[in-house]
Amino acid sequence: MLKIEKINQYYKQSHTLWDISLSCEKGKCTCLMGRNGVGKTTLGKVIMGLLPIANGNLVFDGKDITKLGAHERARIGIGFVPQGREIFSSLTVRENLEIGILANRHKIKKVPEKIYELFPVLKDMGGRKGGDLSGGQQQQLAIARAMCIDPLFLILDEPSEGIQPNIVQQIGSVIDYLTKEENITVLLVEQKLPFARKHGDYFYILERGSVAANGAIEELSDQVIKQYLSV
Ligand SMILES: Nc1ncnc2c1ncn2[C@@H]1O[C@H](COP(=O)(O)OP(=O)(O)O)[C@@H](O)[C@H]1O
Ligand SMILES: [Mg+2]
């Protein structure tokens, strides 16, 4: 579904991603893990086309997308939920979703009922300002907004970060629904091991901008965790 080959990325002189190769299988959840500052968010932005790379290739659904900008990548079905959510706090919940709909690949005009079924709270709070929602509700809104483009591939950057447990659980169920029912491919940036184990199929661990380990989620051994994940 997505295949990244030997990507290198720099912030000015600072070499941040080193020869990263990674692939995501269709309809599966791949967890991107690693400590703070190892390059997870940078890689997510590179896949979305929000940051340039020095070299390497990205192939999506058999097509080379290396030279496509973020808008074009959204149009072919790559969705992104940024770390820290970045919803529009002065717009209502409904307006936030309508902005997602503007970018819908099939030019639909209305927020699909399915999205409200997955996130009932957003229907109840349609008229509330985004900024008035709790952190967990804002995260749900950010995921719902990304789903409004009707993605084939969804990048979620630490969706469980700083969020109350019951909403984390709901977000986990949505990830399961997306992969298992809708066959959507998910790249989940995640630092919480139980959440990754519960919802992930594969893992990649980054360490200082390189892939340090990867495999099926069941192969995530205590030794690997100790070496790359525990603080
Ligand atoms: N806009 C930026 N300009 C320069 N350096 C950055 C920028 N964003 C992140 N970095 C640096 O790149 C490295 C990787 O950051 P990031 O991708 O945010 O890591 P993670 O998401 O794994 O915590 C860090 O050393 C960080 O300080
Ligand atoms: Mg990050």
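Since every read-out is calculated from the coordinates, none of them should be taken as a lab result. Just so it is clear, the structure is predicted and the values come from calculations on it, not from any experiment. Note that we place each Cβ from the backbone using ideal geometry, even for glycine, and neighbour counts take in every protein chain shown.
For the stretch 39-198, the number of Lys pairs with C-alpha atoms closer than 23 Å, counting only pairs eight or more positions apart or on separate chains, is 17. Does the stretch 133-231 come out rounded, prolate or oblate, given a ≥ b ≥ c as the square roots of the eigenvalues of its C-alpha gyration tensor, rounded meaning a/c under 1.5 and, failing that, prolate meaning a/b above b/c? It comes out prolate by the Cα gyration axes. For the stretch 1-148, the share of alpha carbon pairs falling in successive 5 Å distance bins from zero is 2, 9, 17, 18, 17, 15, 12, 8, 2, 0 percent. Taking every DSSP beta bridge that has both ends in the chain, the antiparallel portion is near 55%.
Does the stretch 55-109 come out rounded, prolate or oblate, given a ≥ b ≥ c as the square roots of the eigenvalues of its C-alpha gyration tensor, rounded meaning a/c under 1.5 and, failing that, prolate meaning a/b above b/c? It comes out oblate by the Cα gyration axes.
At full extension, LYS123 and GLU86 could sit 11.4 nm farther apart than now, given 0.36 nm per residue minus the alpha carbon distance.
Between ASP176 and ILE225, the contour length at 0.36 nm per residue exceeds the alpha carbon distance by 15.3 nm. Taken over the Cα atoms of the stretch 69-150, the convex hull encloses 85 Å³ per residue. Using the Cβ-Cβ distance between GLU98 and LYS26 with R0 set to 22 Å, the FRET efficiency works out to roughly 0.15. Ordered by the count of other Cβ atoms within 10 Å of each Cβ, fewest first, HIS15, HIS199, HIS71, HIS106 give HIS106, HIS71, HIS15, HIS199. Counted residue by residue at 0.36 nm each, then reduced by the alpha carbon distance between them, the extension gain from ALA54 to GLN13 reaches 13.6 nm. Ranked by how many other Cβ atoms sit within 10 Å of their own Cβ, fewest first, the residues LEU187, LEU58, LEU68 fall in the order LEU68, LEU58, LEU187.
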